[in-house]
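Worksheet: one structure, shown below.
The values are calculated or read from the model by the stated rules, or taken from the named source; none is laboratory data. Predicted model, so just to flag it, every value in this text is computed and none were measured. Please note: Cβ atoms are built from the backbone with ideal geometry, for glycine as well, and neighbour counts cover all protein chains shown.
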Amino acid sequence: MESPFRITVFDKTFDRKGILGNPLSQSYTVRFNAVGTGEFEVSATDPMLGFLYESGARVRVTYKGAHLMSGPVLHPSGDFNADGVVRFQVEDDYRILVNTLAWVSPAGPLTPTELTSTVPQSWAQAWLPGGGSDAGADGTTQGQFGYYLWPDGSAASGGVLVSTAEAAIKNVITRNVVTRLGRPVTVAADLARGGDARAAGVLPLVRFSPVDEVVAPLLAWSGLGLRLTHDGVAATITADVFVPTVHPQILTVQSGIIQAGVWEKENATATRIVVGGPGEDVARAFWGVNSLPLETEFGDVVEVFRDATGANLQWPSTLADLFHVAKYFLLRSEVSAGAKTAFTSYLNAAANKGLGEGAPKSGLSLTLSETESFFYGPGGYREGDIITAQSNGVNFTDRITECELSESVSAGVTVRPRVGGRADDPDTIFADAINRLSRAQRRLSTDK
């Protein structure tokens, strides 16, 4: 039987070198809004080895004629004997977002080049939300904002307005990956999908976090998917969002699709966030954000405290230090509207992040099999799609988070989708805890 997989080899400039005709085995795990990985083995005498050994070599993998994964080949290993095998790892092009930092000012220098307080060269990695009107004396940071200023349509942002989730995702990728670093990435046209992230207060704070971490809350809030793909023709990687498919078919054990599985639900662990902003003791600024719909749904109130002390309060230079009291910042008529908006946006972002972490959770952990009506690939399901499974007459809806596809001489072609993940899954809880600690440590480092 002809293999449904096809591996095309390219060099680092996207020059096509040929087809890998006879891999001994191959396995790929495609993930929704995350880096996919893969591995393939070839004979030590394979004619394509010379190209695969080249620095920067890439592959594009298709499955049943549709794009599955594209990215560089990494970490080759093999045997010394002549009839041995050589193994290659593959990382999906989504890795570009993991390996790129989102700068506070992508167009600005890291180090100031001037002392004139009204020019961007002096701000370096900062912004003046008021477009220069709040600037203090030369050589001071008066009025400067230390996080990325999402374009709000003002003169300071060149008249550009970023509101929707798709616009925000593509803006941060364009400014950091394409414009700043000049990576071979083409960002597809903005179709304004995903809802108004600005109005919802979910535009994230950006201060040298990896781009994938910046776009993650926007993707989670909007439900959009994001892929970086090479089409095998152009010398570029296309970054575009997509709307996952919701499958109407109800999966059951009786249908033969569900082989085994468990389900789990967890109520909200946070419905109200009290944000502790900057300031000490009685001068500290506090901010509250409540989710009334959650409290109505569950008939419960769960208050959680979150620290958010990294805001740089932009006090006007005309106001004496005695009156620099954080809790009165929003009441001061001397403080500009732009500075107040920047401060409340910072507090709202911290609160919404806390609500997101404490949102109700439900998960399925299923072992699925392919049938004529349920299969991976063109006309079937893909990672990110939403499916509904039924157990004892109760429906549970969740997302296909990843799918492992493999082929070997002994096992043939196998496809293993993973649906969601139980809320109490110890492996997931442990991994999430490590990720949160890592992100928290990074924020501590970059907020200084």
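Summary of values
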quantity	calculated
Any hit, the stretch 228-236, residues being outside the structural domain of Phe396 (by TED's automatic domain parsing), in contact (Cβ under 8 Å) with a residue 60 or more places away in the chain, under 28 Å from the mean Cα position of the chain (by Cα) and assigned to a helix (DSSP H, G or I)	no
Residue in the stretch 366-376 that is touching a strand residue (DSSP E or B) at 6+ places or on another chain (Cβ under 8 Å), part of a strand (DSSP E or B), farther than 30 Å from Ala268 by Cβ and not assigned by TED's automatic domain parsing to the domain that holds Asp281 present	yes
Any chance Thr29 is surrounded by fewer than 16 Cβ atoms within 10 Å (Cβ to Cβ), at negative phi and not basic (Lys, Arg)	no
Matching residues, the stretch 297-329, being over 15 Å from Leu355 (Cα atoms), buried (at least 16 other Cβ atoms within 10 Å of the Cβ) and modelled with pLDDT of 90 or more	Val325, Ala326, Phe329
Matching option when the condition is under 20 Å from Arg198 (Cβ atoms) and either loosely packed, with under 15 Cβ neighbours inside 10 Å or out of contact with any Cys (no Cβ under 6 Å at 6 or more places or on another chain) (or both), among Ser117, Ser154	Ser154
Breaking point among (1) in contact with a Ser or Thr (Cβ under 7 Å, 6 or more places away or on another chain); (2) buried (at least 21 other Cβ atoms within 10 Å of the Cβ); (3) more than 23 Å from Gly358 (Cβ to Cβ), for Val162	(1)
Test: residue in the stretch 18-27 that is touching a Gly at 6+ places or on another chain (Cβ under 9 Å), at pLDDT 95 or above and not assigned by TED's automatic domain parsing to the domain that holds Ile237	yes
Output for the stretch 63-107, where each listed residue is within 21 Å of Val185 (Cβ to Cβ), free of Cβ contacts under 8 Å to residues at least 60 places away in the same chain and part of a loop (DSSP other than H, G, I, E, B)	Ser105
Any hit, the stretch 109-128, residues being in contact with a Leu (Cβ under 7 Å, 6 or more places away or on another chain) and closer than 30 Å to Thr229 by Cβ	no
Close pairs (8 angstrom Cβ cut-off, 6 or more residues apart or separate chains): on the phi > 0 side of the Ramachandran plot in the stretch 208-220, β-branched (Val, Ile, Thr) and assigned to a helix (DSSP H, G or I) anywhere	Phe208/Thr446
Flag for Ala199 being more than 24 Å from Phe343 (Cα to Cα), surrounded by fewer than 19 Cβ atoms within 10 Å (Cβ to Cβ) and outside the structural domain of Val289 (by TED's automatic domain parsing)	no
